[in-house]
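The values are calculated or read from the model by the stated rules, or taken from the named source; none is laboratory data. Given the structure is predicted, the values throughout are model-derived calculations rather than measurements. Using ideal geometry, Cβ is built from the backbone for each residue, glycine included, and neighbour counts are taken over all protein chains shown. Please note that ligands, DNA and RNA were not included when accessible areas were found on the heavy atoms of the full protein model with its side chains. Shrake-Rupley method; radii C 1.70, N 1.55, O 1.52, S 1.80 Å.
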Amino acid sequence: MKKNILHLLLFVFTYSAQAQATVNSITINGNEKTKSAIIIRELSFEENKSYSTTDLTKKIAESKENLINLKLFNFVDINKVEKNNTTHITIDVTEKWYIWPYPVFEISERNFNTWWEEFSANNYSDFSRLNYGVFFNWENFRGRNELLRLKIRKGFKEHYLLAYEVPYFNKNKTIGINTNLQFFRRKKTHYATENNNLRYFESEQYSSIDYDINTEIVYRNNIHQKHKLRFTYLNSTIADSIAILNPNYLGKSDTTANLLNVTYSLEHEKRDYSTYPLHGYSINVAIKKYIPLSTDVNHIELITKVEKYAELANRFYIGSSFKAKYSTEGKQPYFTQKALGYSNYVRGYEYYVMDGQSYWLSKTAIKYALIEKTTFNIPYVKMKQFNKSHYSLYLGIFSDLGYVRDIQNKEQNSLSNSLLWGKGIALDYVTYYDKLLRIEYSINQLGEKGVFLHFSSPF
């Protein structure tokens, strides 16, 4: 008798695990601007196709993550309705506001703390390191997830930009193209790194002018993977005084350099929310080849980045990343040697710059969700793109390790060619429209301590 009951239980378990569901229909609601094809492209399931119930549940969750990472919607809900042996999928999206003409008023520094230190050192009266202007962003242009950008920025670092991104233009929706034209000019230009700090040259005339033109072809062979091939042309001109202060700024090109670089990159994305992930992983690998036109820059760079996120226990999360850059040649012009202290940095070393030819950076954080993602309505706001919001709050500890290899200027910068370690605690606030505020208390290996503000992901 017991044996028969066991067989019956095994049969029921096997049957339920292998039970099939056919997706009879897919209904999309809320996409007033976004074309349905853009949404369907992100789905891991298809209409009129059968899946096991377990597999379909996983594919629905995966599809929701894909749609959120498009960054076109504030909220995404996917529901499965089973009725009379049929399965219907309903996708409800709340679109963001896509047209953003807004003024530019920003600091022109690597981070807020370095700007504030300079500002306070000048009796809170030096506003020269500010940028101002106008930035026009038209996201989801034509409802096809295209992006049109125009920037006119004056101030410390002038920047003029025209960019257009198309996610796909072929019938199979697999090939896209991105292109932009940029123009930079500065009256105050950093020409060298000494004592782990940038040295600036300032004049009444523009001391550096850069033209940057690039085109990128994107091949998306599946939902989670992209191949990119980018061609970049750069023309850089500097003042005679900079070439005298640092003869290696442009290499052997003196005051003007023309070069081309070609970059191939592979991106594999499996994170739940790319702005602030809690689950999943991502892998990025790139190879860049410099092609000299009127300069001696001809080395190859290999760049890789791996991220992994997981939930350790209820409301406890861990995240880790590793990024590395390797250059085939040690002797390089100064402007190609950016390493740590810019967009990549060891927390606790925000005041320092470590330039070099190669580097690696490891970041790890464990955090607890003080407030899990909470959704609320905003009264008296009629526009649906703004009348519903969300927020979450995380408290965590972190540890960063980094190393920069510099064979050219190691005598001038003590932090290069040595292990860097920073650790501390962080409070992260995340809200809609992909906004993030981090307040961190860090301690570095030099024994220095400080509170630092950041507005982007630590990884």
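Some observations on this one:
- H190 - accessible surface, heavy atoms, 1.4 Å probe, Å² rounded to 10: 40
- About its Cα centre, the dipole of the stretch 125-265 is roughly 660 debye, where the only charges are +1 on Lys and Arg Cβ and -1 on Asp and Glu Cβ.
- Loop-located GluC sites (Glu not before Pro) in the stretch 358-459 (DSSP state other than H, G, I, E, B) with a sparse environment of at most 14 neighbouring Cβ atoms within 10 Å: E411, E448.
- The mean sequence separation of alpha-carbon pairs under 8 Å and at least six residues apart, normalised by the residue count of the stretch 337-378, gives a relative contact order of 36 percent.
- A cut-off of 5 Å between modelled amide H atoms, ignoring neighbours fewer than 5 places along the same chain, links F201 with T189, H190, Y191.
- With K and R counted +1 and D and E -1, the other residues having a Cβ less than 10 Å from that of K96 yield a net charge of -1.
- Correct option for Rg and Dmax of the Cα atoms in Å [calculated from the coordinates] among (1) 23.0, 78; (2) 31.5, 93; (3) 25.4, 96: (3)
- Accessible-area composition of the chain, carbon plus sulfur, in percent [1.4 Å probe]: 58
- Short-range pairs are left out: with C-alpha atoms under 8 Å and at least six residues apart, the relative contact order of the chain is 9 percent.
- For the chain, the longest principal axis of the C-alpha atoms and the axis of helix 112-121 are separated by about 30°.
- Relative to the longest principal axis of the Cα atoms of the chain, the long axis of helix 2-18 makes an angle of roughly 50 degrees.
- E82 versus N222: modelled label distance in nm, points set 7 Å from Cα along the beta carbon direction: 2.7
- Scalar couplings 3J(HN,Hα) for the stretch 217-229, obtained by applying the Karplus form with A = 6.51, B = -1.76, C = 1.60 to θ = phi - 60°, are 9, 10, 10, 9, 7, 8, 4, 9, 10, 10, 10, 10, 10 Hz; x denotes Gly and Pro.
- Couplings 3J(HN,Hα) for the stretch 176-192, derived from phi with the Karplus relation 6.51 cos²θ - 1.76 cosθ + 1.60 (θ = phi - 60°), are x, 8, 10, 8, 8, 10, 10, 9, 10, 8, 9, 9, 10, 10, 7, 10, 6 Hz, where x marks Gly and Pro.
- Between 0 and 90°, nearest 10: helix 53-68 axis offset from the chain longest Cα axis: 30
- The Cα center of the stretch 185-200 and the Cα center of the stretch 352-411 differ in position by 27 Å.
- Accessible area per residue in Å² at 1.4 Å probe, computed on the chain: 52
- Computed about its Cα centre, the charge dipole of the chain is approximately 1260 debye, with only Lys, Arg, Asp and Glu carrying charge at their Cβ.
- Along the stretch 267-284 the Karplus relation, 6.51 cos²θ - 1.76 cosθ + 1.60 evaluated at θ = phi - 60°, assigns HN-Hα couplings of 10, 10, 10, 9, 8, 6, 8, 4, 5, 8, x, 10, 9, x, 7, 8, 9, 10 Hz to successive residues, with x for each Gly and Pro.
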